[in-house]
Amino acid sequence: MCGIVGYVGDEECATLLVDGLRKLEYRGYDSAGVAVLGKEGLSVVRAKGKLANLEKRLGEQTPRGMTGIGHTRWATHGKPSDENAHPHKYGGVAVVHNGIIENHLELKETLARAGHKFASETDTEIFAHLIADEEKSGKTLPDAVRGALAKVKGTYALAVMSERSPEMLVVAKNASPLVLGLGETCNFVASDVPAILAHTRDVIFLEEGDFAVITKKGVQLTDRAGNKLARAVRRIDWTPTMAEKNGHKHFMHKEIHEQARALTDTIRGRASVEEGDVYLDGCKLDAKTVAGLNKVHVVACGTSWHASLTGKLMIETLARMPVEVDLASEFRYRQPLVDSRTLCVAVSQSGETADTLGSFREAKSRGARGLAICNVVGSAIAREAEDVLYTHAGPEIGVASTKAFTTQLAAFFLLAVRLGRLRGTLDAPTARKHLEALRELPMLVERTLKHEAEIQQAAYKFSASRDLLFLGRGPQFPVALEGALKLKEISYIHAEGYAAGEMKHGPIALIDENMPVMVLAPRESETEPGVNYEKILGNIQEVKARGGRVIAICSEGDTMVPDLAECAIAIPQTNALLQPIISVIPTQLFSYHVADHRGTDVDQPRNLAKSVTVE
Ligand code: AGP
């Protein structure tokens, strides 16, 4: 996610802004910049890549001034480049922004018709144009910002400065975080506490819709309409390291708890429940293109491969298209049956995994159309795709993928609905029902996370285990694989995921009192338990009959599974294809707490890298 820092005070602030941005580097970024307002006017210095590149540029021409804003960019619209880096400046106004303007194309067209020329591919630059126009009509900077926000649909943490209003910053918050820092003779704004902890521990966390005018003498808080607001000043006692994790002990824990927001950001602006359809920005798939396809072939590794197995079920169910899913390391070294009628989908959080990139190139060399599901804008796999469906999970720092998995599932679901609508296998009313369920997910995720204490208790009970089996059926089988991967990669316990129906073909020989089994056993729907549920009840009984200990993940209100299991975690019910997004969460928390209890390095497990860019 992007990082924002702002300062108004009595000191030269260019270096102070860069130091603040450095404290936000953990958020991940691909370019950075600062804008400083002083006697020589408004200067903007930006650079693609790491902060060192920005510092090199600043060294050549350090702008002087005591009002300034800085930004580290995590690209969402427009590739990483100097021109797309923030701050964006127009007509004496400079802005930095974290979020997405959903109606940016429409606004850009209107401004272009009025003669505006744009210097970047970003949605953010529009804010500078809108605010400068409002100022030109005679408004003060706060009113000019209000006028611009009235035209914008989307999310923002926004900081604005203007040559016409020296020694002032105007900030606004909607869905992306912003915090104010209160100093003796200066004041700050930032995306997150670490950026300002070196200067003050007195902060105000802005809430949805908050608007603030910041000068060195103080901050004035209002709502968007200008009505005065009072917000509590909080004293932060975190260490800087704790602050980077927003108070969480590990990045993985923070990222598990970010999943509702990550899903909201991934779905936002794409699912039109009213129309019963999906709009995939970045995907040029239309009815004619899709009519020319006869199968989907997915290539991925690790967690992304598990997500792809669920994606297969989603696409085959909703779009009735045959889907093959391959481990990328296998696909690229055999003679894959791929041609111009194949849609090859490469799934990769980093967008840099060597095996996935190699397989994607292999498929495209055989004529396949390439679609990427990635989390990093401008990554290698995204750059080589005809269509890109970005997850908007924000940077995933923990090596163990969590929010990447759940947002990949949401992306697959959006793709499946779109393909179904384009192929005519999914009518609007049915699609509407599915999209309503999708829209409800973030709230269900938050509800599931509330079970963390009981999951932690179960984790401590089994943290000394040498082995553990995960079982699932249907859409829950990939969750069993994913749960096993999470546990083994961060706790170093040997864990295996199995299709529950396979137990009698071998694995049941493993079962005794030393082999705990986690069973994914949600019902198929509120009304119908479903065949997978009935069958998995039998599997639980098989395990128990041989002395195995069962940890079950079941639906809220289910009485049968809790009667059979030693521990049962109840999760909210959603439709069968989306249920994995909910049922995976207890497995993530279980693995996290087992590993934390065992004292392993949860964020950087031994022998592993976050992105495997070598074969
Ligand atoms: C999962 O927790 C691991 N980090 C690993 O399996 C990962 O999913 C795999 O290396 C693929 O990475 P990618 O999604 O960036 O391509």
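Just so you know, all these numbers are worked out from the coordinates, no wet-lab data involved. On a predicted model such as this, the values are computed, not experimentally measured, just so you know. Here Cβ is always computed from backbone atoms with ideal geometry, including for glycine, and neighbour counts include all displayed protein chains.
A few points about this structure:
- For the stretch 498-540: span of alpha carbons on each principal axis (Å, largest first): 35, 19, 14
- Placing pseudo-labels 7 Å out from each Cα toward the beta carbon at Glu60 and Trp238 gives an inter-label distance of 3.6 nm.
- Taking only the alpha carbons of the stretch 392-498, we obtain Rg and Dmax values of 17.1, 52 Å in that order.
- Average silhouette area of the stretch 568-615, convex hull of alpha-carbon atoms, in square nanometres: 5.4
- Share of Cα-Cα pairs in the stretch 1-146 lying beyond 25 Å, as whole percent: 25
- If you sort the three axes of the alpha carbon gyration tensor as a ≥ b ≥ c, you get a/c of 1.5 or more for the stretch 239-374 and a/b no higher than b/c, which makes it oblate.
- Semi-axis lengths, Å, the stretch 175-260, gyration tensor of Cα atoms, sqrt of 5 times eigenvalues: 24, 17, 9
- Amide H contacts under 5 Å for Asn84, placed H, 5+ residues apart: none
- C-alpha long axis of helix 354-365 to longest principal axis of the chain, angle in °: 90
- Each of Val517, Val479 has some number of other Cβ atoms within 10 Å of its Cβ, and from fewest to most they run Val517, Val479.
- From the alpha carbon centroid of the stretch 410-452 to that of the stretch 277-309 is 15 Å.
- Taking amide H as placed 1.01 Å from N in the peptide plane, the amide H of Cys301 sits under 5 Å from that of Ala328, each at least 5 places away or on another chain.
- When its C-alpha radius of gyration is set against 2.2 N^0.38 Å (N residues), the stretch 7-77 gives a value of 1.04.
- Our summary gives the stretch 108-253 a relative contact order of 16 percent, counting only alpha carbon pairs under 8 angstrom and 6 or more residues apart.
- Distance from the stretch 494-548 to the stretch 138-193 (C-alpha centre basis), Å: 54
- Only helices enter this figure: runs of n ≥ 4 DSSP H residues, each worth -39500 (n - 2.57), summed and divided by the residues of the chain, yield -11000 deg cm²/dmol at 222 nm to the nearest 500.
- A simple rule links phi to the HN-Hα coupling: the Karplus curve 6.51 cos²θ - 1.76 cosθ + 1.60 with θ = phi - 60°, which for the stretch 483-499 gives x, 5, 5, 4, 5, 5, 7, 10, 10, 6, 7, 5, 9, 10, x, 9, 5 Hz, with x for Gly and Pro.
- Backbone amide hydrogens, once placed in the peptide plane, bring Gly38 within less than 5 Å of Ser43, excluding anything fewer than 5 places away on its chain.
- Across the cross-link table entries Lys151/Lys217; Lys403/Lys486; Lys488/Lys535; Lys249/Lys610; Lys48/Lys403, which are compared at the Cα atoms, the separations over 21 Å belong to Lys151/Lys217; Lys488/Lys535; Lys48/Lys403.
- Alpha-carbon geometry of the stretch 446-587: the Rg and the Dmax are 13.6, 39 Å, given in that order.
- Distance between modelled label sites at Glu534 and Arg447, nm, 7 Å Cα→Cβ extension: 2.6
- Under the combined filter of DSSP loop state and at most 12 neighbouring Cβ atoms within 10 Å, the stretch 1-98 retains these trypsin sites (Lys or Arg not before Pro): Lys39.
- Taking the centroid of alpha carbons for each part, the stretch 570-605 and the stretch 324-387 are 28 Å apart.
- Anisotropy class of the stretch 285-437 from Cα gyration tensor, a/c 1.5 cut: oblate
- Normalised alpha carbon radius of gyration of the stretch 457-507 [divisor 2.2 N^0.38 Å]: 1.14
- Cα gyration tensor shape of the stretch 60-207, rounded if a/c is under 1.5, else prolate or oblate by comparing a/b with b/c: prolate
- The GluC sites (Glu not before Pro) of the stretch 271-361 that meet both conditions, a loop assignment by DSSP and at most 15 other Cβ atoms within 10 Å of the site Cβ, are Glu274, Glu275.
- The relative contact order of the chain comes to 11 percent, based on Cα pairs under 8 Å that sit 6 or more residues apart.
- Value in Å of the Kirkwood radius, where the stretch 110-195 supplies the Cα pairs that are averaged: 14.2
- Fewest-first sequence of Met443, Met1 by Cβ atoms within 10 Å of each Cβ: Met443, Met1
- Rg and Dmax of the chain, Cα atoms only, in Å: 25.4, 81
- Building the convex hull from the alpha-carbon atoms of the stretch 55-113 and averaging its projection over directions returns 5.4 nm².
- Estimated vicinal HN-Hα couplings, Hz - the stretch 572-584 in sequence order (Karplus 6.51, -1.76, 1.60; Gly, Pro = x): x, 8, 9, 6, 4, 6, 8, 3, x, 5, 8, 6, 6
- With neighbours defined as other Cβ atoms within 10 Å of a residue's Cβ, the residues Asp277, Asp265 order from fewest to most as Asp277, Asp265.
- Annotation note: trypsin sites (Lys or Arg not before Pro) in the stretch 179-225 located in DSSP loop regions with a Cβ neighbour count of at most 12 within 10 Å are Lys217.
- Remark: the stretch 215-230, residue by residue, has Karplus-estimated 3J(HN,Hα) of 10, 6, 8, x, 10, 10, 9, 9, 8, 4, 7, x, 6, 4, 10, 10 Hz, where x stands for each Gly or Pro and the curve is 6.51 cos²θ - 1.76 cosθ + 1.60 at θ = phi - 60°.
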